[in-house]
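Notes for the one structure printed next.
The values are calculated or read from the model by the stated rules, or taken from the named source; none is laboratory data. Since we're looking at a predicted model, the values are computed, not measured. Cβ coordinates were reconstructed from backbone atoms using ideal geometry, including for glycine residues, and neighbour counts include every protein chain displayed.
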Amino acid sequence: MAMDLIDADQWDRQRRIRGWQQTAVEQSHCVLIGAGALGNEAAKLLLQLGVRKISIVDFDTVVTANLNRCVFFTHEDAQKGAKKAEALAASAGRLNPSAQIEPVLERVETLDEDFFSKFDYAFSCLDNLGARLHANAHCYGKTPLVDGGTAGFNGKVQVVDGGSCLECGLSPRDYSFLWRKYSCTGEMLEFVDPKMPALPTTTSIVAGVMASEFVKMAHAKSEEPPVGGVVNHLTQKRVARENKPRKFDLPESGLAGKYWFYNGLTNESAVFEIAKRESCPVHG
Ligand SMILES: [Zn+2]
């Protein structure tokens, strides 16, 4: 009987982590910018963690070449040219039936600060620098941004939360690449981007780090006192396992203002500090 009740709670096992605050996770309103590989994986993880309100921004349609790394897309989606955001929202929702998932069929570049400021956390799951920088500039100072990227065996995650931003860490080479995509009047040029190499394995690892950063921030920013112990499902009372419950997160352990790099060929990863650039156009 007791085991049945324990097993009936979808989040019982994560509640057992000392200091875990399921409410802080559940009540976070999240936006996924991009419904591609990282967007699929991030949606999976956020819903499994218990996030109840997620918006998914993407105007693009599913193609068969997405299926090596987009866990929620099907061959049928590709055949009928389903919208990525709609296909992801429809398919991922089964992981958490109490969640509200809203597809937003827009180009990232058309969304303004009012849109991004509605959310508690934004996840940049994009494959191009222009859209990333748009999200970065419009979230800065309002909504913490978790940016992920992959290229073959390599991956990266950077968190922007008031300190240095994505643009602070750009090199002149990045800018030259960026400008190749725009005309001199700033309009997007219509040409086909070369496709980046992409693996499902790297995608999962990078999305895992992104979701983990969200969990730590949601706990660090929560104003609820941390609770210790676990809930006894027979009495619905919390059974303390320790005298002094603590938050498991230490803010300095997060990636805010830092850049995590992963090399899947050598299994090496490293964290680099990104200095806040005084001349940065976003906040300089
Ligand atoms: Zn900056």
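Values computed for the structure shown
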| read-out | value |
| --- | --- |
| Output for region 39-83, where each listed residue is among the basic types (K, R) and more than 30 Å from Q14 (Cα to Cα) | K80, K83 |
| Strands (runs of 3 or more DSSP E) wholly inside region 169-284 that include at least 2 residues being within 16 Å of the ligand (Cβ to nearest atom) and at pLDDT 75 or above | 258-263, 268-273 |
| Single condition F73 does not satisfy, out of (1) in a loop (DSSP other than H, G, I, E, B); (2) crowded, with 19+ Cβ neighbours inside 10 Å; (3) under 15 Å from the mean Cα position of the chain (by Cα) | (3) |
| Residue check for R107: surrounded by fewer than 18 Cβ atoms within 10 Å (Cβ to Cβ), in contact (Cβ under 8 Å) with a residue 40 or more places away in the chain and farther than 21 Å from I205 by Cβ | yes |
| Some residue of region 16-37 being surrounded by 15 or more Cβ atoms within 10 Å (Cβ to Cβ), free of Cβ contacts under 8 Å to residues at least 24 places away in the same chain and not in a loop (DSSP other than H, G, I, E, B) | no |
| Residue check, A135 of a type in the set (A, V, I, L, M, F, W, C) and either surrounded by fewer than 23 Cβ atoms within 10 Å (Cβ to Cβ) or part of a loop (DSSP other than H, G, I, E, B) (or both) | no |
| Failed item in (1) modelled with pLDDT under 95; (2) under 20 Å from the mean Cα position of the chain (by Cα); (3) among the acidic types (D, E), with D4 passing the rest | (2) |
| Positions within region 88-104 being in a loop (DSSP other than H, G, I, E, B) and surrounded by 18 or more Cβ atoms within 10 Å (Cβ to Cβ), in sequence order | N96, A99 |
| Contacts under 7 angstrom Cβ, first residue in region 251-277 being in contact (Cβ under 8 Å) with a residue 60 or more places away in the chain and at positive phi, partner within 16 Å of the ligand (Cβ to nearest atom) and part of a loop (DSSP other than H, G, I, E, B), 6 or more apart | G257/G163; G257/S164; G257/I274 |
